[in-house]
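Here's the structure we're looking at; comments come further down.
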């Protein structure tokens, strides 16, 4: 695969098969994709189409059964677990459908989690900016279960953005939110993309996000239907 | 089918339970078996009575019963003495059950029923010269001057001569018959009172005897000190160890079971809450948990029981032969007790767990928890890990310490026979006057060992009736002056009269105090070896030409001016002998063929050493006061038994005295060595298993419980290795903390200084090594789990 300067992340012939003692399920079949710097990309498809699996493989949270993923010119398969973890820590951010906040620590500690994990100091001014922009300034000392879904998701976004990652992987970020919150989050993504040139790879089955993105990868039964 | 448990967890849990219960049952049952068998043998050998008082009047008996009402009282009759070959032998009458109480074991034949039927002690068979007769047979014995025919129906073994082991408590043989007849009790037969505990209790036997002695003071008493000694004291180590190991094994097993239950409950928490949401009542939910956990634990108990049965018998057949009698009953008892303990503890634990847990269904399902934690879940130090590692290191060290207690080499077996001759003597000026002297061993006592010359070495301390070395008053050198003192005390009038009879002769000499002199007699073979050892080349000594001896003087300076005794010179042995009215001064010259110096610590007293031949020729040596028999440790068992029998017969033949033997200690030590070796190795193995299982299970629980959080951390850049390192930090810090705790514990627990530094390091190393092997195993166990699956893991 030829990688140009614009391409930040790419995948080549990605396949994923889940095997148990009785069943073999092919979730992804020969998926090829490229993601440019500073772009907003959607992975779109119905439930069970393999979007989350693809996202996890692109993010390095899972391993493909076949194929390769490249971040710039570095192939995931050639990296050790520690190198891949470092790559994730510095360059990636994650927003999950279920927020995945750690329930036993407060919101502030959740947001600062990437800093703790990577041993990188965070920009305190930027942190203040994030919690202000996301409207969770007054909530940072609270526990996750004390917040509503929208508030938790905003906290998760703050966490994902803390170390100014190059790519944010968002898996159904608005899946558990109402219309108003969905709109808020969508606008927030756009704003962060414009201001910080953060690349977004978003998994969704909502059609209203399509108009704002540069690339839509449609999956059906593990295969790309239209690019 | 909804209740899940992955196979590895199930396997580890089942394995830990089975191993735990198997060890617990095997160790405790083996210990019980050994203890009970030894106690059974004690009763069989020495009886279960505390005291026998012969010839007691009814009035005294009533007084004793009133003062000591907590004991049980029985009687047996003492018919009188019969005579055979100028020996008086006591005859008693009692029922067979009383015989068992008194330790009369029938080793051949049957207990007598009729008045003309008797059983006799084993040594009497030899005395009567009837070892080869078939039982029953008839013998004619002299009783009250008349010959009476008796039918010998059996042979008994009795350790009456071993019963009193301190010089303060003399054994009076009139208390103890050597022949028992089947005659009926009648008033003419003198009754002996037998005092026993109402409930046999070995531990209390010594205190009971002391209590009785504080209330009863009679000249003729027989005290069963062996009851406490062999029944409890010899087994004390084992009794305490059994309790200690039981407590600790239970503690370790309990910790393991807590971990297993916690893992199970954690794994199935959501499922059970879901059941509740779907309509199951909390009571039914508790019942499900109760039944599952108890079923699992009882599976462990039953499997442990079956395996203990197999393993225990394997041990018994190969190492503890002769100890199988009590194993099954001990095992069943222990299983029952343990089952009840486990049932109560876990019912209590589950009840308490359900009582304190007040999570609502919804919280249980979605896993919300209001407990705030500080930062992220990586403990630097975990108390339960510290406890388990402290206990494991402690028990590994304890195993080594225990092993060291009996790790010595087998030694030669010594028998020391003390004649306990009833010599009465008292000082008369610098001399000791011997008034009576009898019941020492005769010269031919050593003849019974002739056929075992190659296997044993013999020596004897001569009975010389208070004879000592007599030195010329005008020639006391600096060496002997340290020994000799002058007694200027005024004599009593009766002693004055005695002294006057011997003064002329006695005043010529200075007597070396008799307590500083030891006259040693060696059979020819041993005497020759002695000469060879000290490189004494003397035909006079080798061929017993003269009345010659070797003189061994502690720390003697051979370069003395005007020595009192010279090599190749003569010494005088002698002293004052007599009775209340008459005294005689006796002397005998011995040629000092060799004069040796020895280290005072090694040889103790001044020793006059002569051969058996010379001793027999001399008039000073009357017989043997003590006989020492040393049997080579490599002597075949069959010959050992024969020699031991000869020793016992020799002892019994004078019906007095004491027998001390390292043979019994050797066999006890051998048993203890095997026992402690098994216990130590078992404990060591169990500690290793426990720590493996505990670490693996606790890591599993930690992982299961926090998998989601670990997934989040990993997704934000924490590598798997970094995550595992953080998790394992507390195990490393736990070992360091455990070491410090063990330094503290060890100061109090291991005071016998038997442990070596290497053993301590090995103990720590084993625990640390096993911990890190588990770490490595768990590292690879969870390595392949994708981060995405960790994030999707329910709380």
For this session: Please work out which one of (1) modelled with pLDDT under 80; (2) surrounded by 15 or more Cβ atoms within 10 Å (Cβ to Cβ) is the condition residue B:6 fails and give its number.
Result: (2)
Exercise. Among (1) surrounded by 15 or more Cβ atoms within 10 Å (Cβ to Cβ); (2) modelled with pLDDT under 85, where does residue B:515 come up short?
Worked result: (1)
For this session: Look at residue B:600 and say whether it is within 45 Å of the chain's Cα centre (by Cα) and exposed (fewer than 14 other Cβ atoms within 10 Å of the Cβ).
Result: yes
Problem set entry | Positions within the range A:114-139 being surrounded by 21 or more Cβ atoms within 10 Å (Cβ to Cβ) and facing chain B (nearest Cβ under 10 Å), in sequence order | A:114, A:117
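Scan the range B:83-90 and tell me whether some residue there is assigned by TED's automatic domain parsing to the domain that holds residue B:146, over 24 Å from residue B:205 (Cα atoms) and modelled with pLDDT of 80 or more. It would help to see each step written out before you state the result.
Pass one, the range B:83-90, residues assigned by TED's automatic domain parsing to the domain that holds residue B:146: B:83-90.
Among the residues that remain, those that are also over 24 Å from residue B:205 (Cα atoms) are: B:83-90.
With the extra rule that they be modelled with pLDDT of 80 or more, the set shrinks to none.
Scanning the range B:83-90 turns up no residue that is assigned by TED's automatic domain parsing to the domain that holds residue B:146, over 24 Å from residue B:205 (Cα atoms) and modelled with pLDDT of 80 or more.
Residues B:376, B:333, B:323: which one is within 14 Å of chain A (Cβ to nearest Cβ) and either outside any strand (DSSP E or B) or at pLDDT 80 or above (or both)?
B:376
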For this session: Report, by residue number, each residue of the range A:93-110 that is more than 11 Å from chain B (Cβ to nearest Cβ) and surrounded by fewer than 19 Cβ atoms within 10 Å (Cβ to Cβ).
Result: A:108
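Rundown of residues vs (1) more than 11 Å from chain B (Cβ to nearest Cβ); (2) in contact with a strand residue (DSSP E or B) (Cβ under 6 Å, 6 or more places away or on another chain), yes/no style:
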position	(1), (2)
A:49	yes, yes
A:53	no, yes
A:65	yes, yes
A:112	no, no
For this session: Give the range A:205-227 a look and list any residue that's assigned to a loop (DSSP other than H, G, I, E, B) and at pLDDT 80 or above, or say none.
Result: A:213, A:214, A:221, A:222, A:225
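Out of the range A:167-204, which residues are outside any helix (DSSP H, G or I) and either without any contact (Cβ under 8 Å) to a residue 24 or more places away in the chain or exposed (fewer than 15 other Cβ atoms within 10 Å of the Cβ) (or both)? Step through it out loud before you land on a result.
Restricting attention to the range A:167-204, the residues satisfying the condition of being outside any helix (DSSP H, G or I) are A:167-178, A:197-204.
Within the range A:167-204, A:178, A:197 qualify.
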For this session: Please specify each residue of the range B:715-724 satisfying the condition of being more than 7 Å from every other protein chain (Cβ to nearest Cβ) and in contact (Cβ under 8 Å) with a residue 24 or more places away in the chain.
Result: B:724
Problem set entry | Selection from the range B:107-137 of residues that are at pLDDT below 85 and outside any loop (DSSP other than H, G, I, E, B) | B:107, B:108, B:121, B:122, B:123, B:124, B:125, B:126, B:127
Seminar exercise, completed: Residue count, the range B:502-538, condition assigned to a helix (DSSP H, G or I) and either closer than 21 Å to residue B:459 by Cα or in contact with a helix residue (DSSP H, G or I) (Cβ under 9 Å, 6 or more places away or on another chain) (or both), comes to 14
Exercise. Hey, residue A:73 hits all of (1) surrounded by fewer than 19 Cβ atoms within 10 Å (Cβ to Cβ); (2) touching a residue at least 60 places away in the same chain (Cβ under 8 Å); (3) under 19 Å from residue B:717 (Cα atoms) but one; which does it fall short on?
Worked result: (3)
Exercise. Mind checking whether some residue in the range B:510-529 is touching a residue at least 60 places away in the same chain (Cβ under 8 Å), at positive phi and touching a strand residue (DSSP E or B) at 6+ places or on another chain (Cβ under 6 Å)?
Worked result: no
Problem set entry | Unmet requirement for residue B:59, which otherwise passes all of (1) assigned to a helix (DSSP H, G or I); (2) within 33 Å of the chain's Cα centre (by Cα) | (2)
Problem set entry | Meets criteria (more than 10 Å from every other protein chain (Cβ to nearest Cβ) and either surrounded by 23 or more Cβ atoms within 10 Å (Cβ to Cβ) or touching a residue at least 40 places away in the same chain (Cβ under 8 Å) (or both)) for residue A:90 | no
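The values are calculated or read from the model by the stated rules, or taken from the named source; none is laboratory data. All values derive from a computational prediction rather than experimental measurement. Reconstructed Cβ throughout: ideal geometry from the backbone, glycine too, with neighbour counts over all protein chains shown.
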